[in-house]
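The values are calculated or read from the model by the stated rules, or taken from the named source; none is laboratory data. Small disclaimer: the values here were computed from a predicted structure and weren't measured. Note that we place each Cβ from the backbone using ideal geometry, even for glycine, and neighbour counts take in every protein chain shown. For the accessible areas, the whole protein counts, side chains as well, though only heavy atoms, and no ligand, DNA or RNA atoms are used. Shrake-Rupley method; radii C 1.70, N 1.55, O 1.52, S 1.80 Å.
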Amino acid sequence: MKIKGSHTLAVPRGVVWEAILDPEVLSRTLPGCEDMAPVGDNRFRGKLKMKVGPVQGVFKGGVELLDLDPPNGYSLKMDGKGAPGFVNGNGSLRLEDTDDGGTLLHYEIDAQVGGRIAAVGQRLLDSSAKVLTRQGLQGLEQQLAARAPVAADAPAPAPADSADAAAAAPSQAAFAGRFAAGMARELWPYLVGGGLVALAAIAISLRACS
């Protein structure tokens, strides 16, 4: 399964670079992430709760960042396994400046999945990957907005606890609702051909999160 694309972020490249190295930001960005902590230089371990159609469960695994080239990007290697199966992969993130002072994020992931999660079919896997990627990028935008420097002529923000300074991670119920809506948009062209059954299975499996 390949995930590839680019996304424009309205903050300078240096701010994005710091964010994509921060485990707290990553844990608040990844949909379904329940825990992430550093276990060494540029190595992180954590848990990710996933639902793809009727298959659901928790993956435990790790991510290692390689070939760091600040503030241009890095390569990564990941692995995870749990009751739903396993996922292994590698990829890269690359950053470049835009003409208006923002950042263009290029991402490419090549992942292999196995076990029960692979049995849902390639179309459902691809659609799920697109939805999760889109939600992850939206989460990153929220985290970057919370970290972006305030303009010199802007009023000073009200004092806040450090726990409130970053955008809060979405609840499992909110994540489930957004995921179901995203899957509906992805699968709508295939509903007449039997995709309605798959979408119904997704909706039923996500009810446990609400």
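Restricting to the range 84-96, give me the number of residues that are touching a Lys or Arg at 6+ places or on another chain (Cβ under 8 Å) and open to solvent by 30 Å² or more (accessible area, probe 1.4 Å).
Filtering the range 84-96 for residues touching a Lys or Arg at 6+ places or on another chain (Cβ under 8 Å) gives 84-85, 87, 89-90, 95-96.
The next check asks that each one be open to solvent by 30 Å² or more (accessible area, probe 1.4 Å); those that pass are 87, 90, 96.
Total meeting the criteria: 3.
Among the residues of the range 84-123, write down those that are among the basic types (Lys, Arg) and in a strand (DSSP E or B).
First, pick out the residues of the range 84-123 that are among the basic types (Lys, Arg): 94, 116, 123.
Selection gives Arg94 alone.
Considering only the range 132-140, I want to know if a residue exists there that is modelled with pLDDT of 50 or more and among the hydroxyl-bearing types (Ser, Thr, Tyr). Give the derivation first.
Step one: filter the range 132-140 for residues modelled with pLDDT of 50 or more, giving 132-140.
Then keep just the ones that are among the hydroxyl-bearing types (Ser, Thr, Tyr); that gives 133.
Yes: one or more hits.
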